[in-house]
Amino acid sequence: MRTLLIGTVVGSVNRTWLRRLLAPLGKAKLNETDLLVSLAEAMRLQGVMIDVGARYGTSLAPFLRRGWQVFAFEPDPANRRVLRWLRPWLPAFEVDARACSDEPAEGVTFFVNSGHSAVSSLLSFDEGHQPGQTVDVTTLDLALSEHGVESVDVLKIDAEGYDLHVLRGLDLQGPLRPKLIMCEFDGGKVANGGHEFRELVSVMTDAGYRVIVSEWYPIDKYGGSHKWRALEWYPHELADPLSHGNVIAIARDVPAEVVEPVLADWSGAMARGGE
């Protein structure tokens with residue numbers, strides 16, 4: 001009842017700051033987080049979720065509600081304030097204020113856009129980006145060791161053009177090897193120093209994962225609405241080099257009969273209008 005009520009409130013409020021605060025508590029439109037949750041349930045996972053680039057917590061909230069232990073990385077102070085406000089509504093979770101990459105560093109410039117909280121990044125790729133405060137940078141291997149994490153079930157990365165660097169900061173053959181990984185790619189960021197789609201996928205396939213590609217049409221404007229295109233197993237050629245989307249890596253020993261029904265249900269729902 002509470003979730004239904006809050007979902008109604010989220011859909012009705014007009015103030016941007018209030019929508020941001022309540023968003024993780026309501027039901028957003030269908031997206032890859034729904035797919036990630038469904039895959040985790042089908043694989044009978046129940047443990048630790050790592051969220052790099054947690055923003056307002058919309059990706060981590062479904063895992064918290066299911067009793068998972070969650071560690072969030074969010075270097076944008078404005079986004080962290082929203083996560084802090086959500087504590088009374090969601091089970092406790094740890095928030096690390098550092099950015100993640102493949103090498104630790106101190107005092108690194110972090111770029112923000114006051115009009116679009118979703119594009120905060122170590123990479124300057126948007127015309128509205130301005131240098132914000134400096135942040136310290138860690139690697140997932142170092143940070144998870146500091147937090148005492150002994151295993152990882154689900155890793156979600158949305159670092160706005162820095163996903164490849166974040167992924168390279170975790171030993172995918174070591175004891176913290178995740179069972180599910182989701183990373184973002186965006187061809188529109190490549191010219192400004194972002195990673196190529198194939199580079200990201202290669203790290204996953206070289207580590208022994210099978211990869212699913214959720215491709216969306218190129219972004220016209222950051223912060224605007226987006227249109228979904230297709231869900232395919234890799235190898236997959238993008239329909240447009242400027243496409244964006246997410247890649248999901250699944251351990252090769254997971255049976256196809258566990259994964260395929262989930263993919264069919266999700267892609268069917270997306271084709272009917274989810275976004």
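Worth pointing out:
- Value of relative contact order over the range 127-275, rounded to a whole percent, pairs C-alpha under 8 Å and six or more apart: 21 percent
- In a DSSP loop and with at most 11 other Cβ atoms within 10 Å, the trypsin sites (Lys or Arg not before Pro) in the range 210-255 are Lys221, Lys227, Arg252.
- Exposure proxy ranking, count of Cβ atoms within 10 Å, fewest first, for Met204, Met182: Met204, Met182
- Packing-based ranking of 39-49, 86-96 yields 39-49, 86-96, ordered from highest to lowest mean Cβ neighbour count within 10 Å.
- Applying the Kirkwood pairwise sum to the alpha-carbon positions of the range 29-271 produces a hydrodynamic radius of 18.1 angstrom.
- Virtual paramagnetic centre 7 Å along Cα→Cβ of His236, amide N under 16 Å, in the range 247-275: 247-251, 259-272, 274-275
- With contacts taken as Cα pairs under 8 Å and at least 6 residues apart, the range 29-271 reaches a relative contact order of 18 percent.
- Neighbour counting of Cβ atoms within 10 Å sorts the residues Asp265, Asp220, Asp51, Asp158, fewest neighbours leading, into Asp220, Asp265, Asp158, Asp51.
Values quoted throughout were computed directly from the atomic coordinates according to the rules given, and no laboratory measurement underlies them. Every value quoted in this text rests on a predicted model; they were computed, and no experiment measured them. For neighbour counting, all protein chains shown are included, and Cβ atoms are generated from backbone atoms with ideal geometry for every residue, glycine included.
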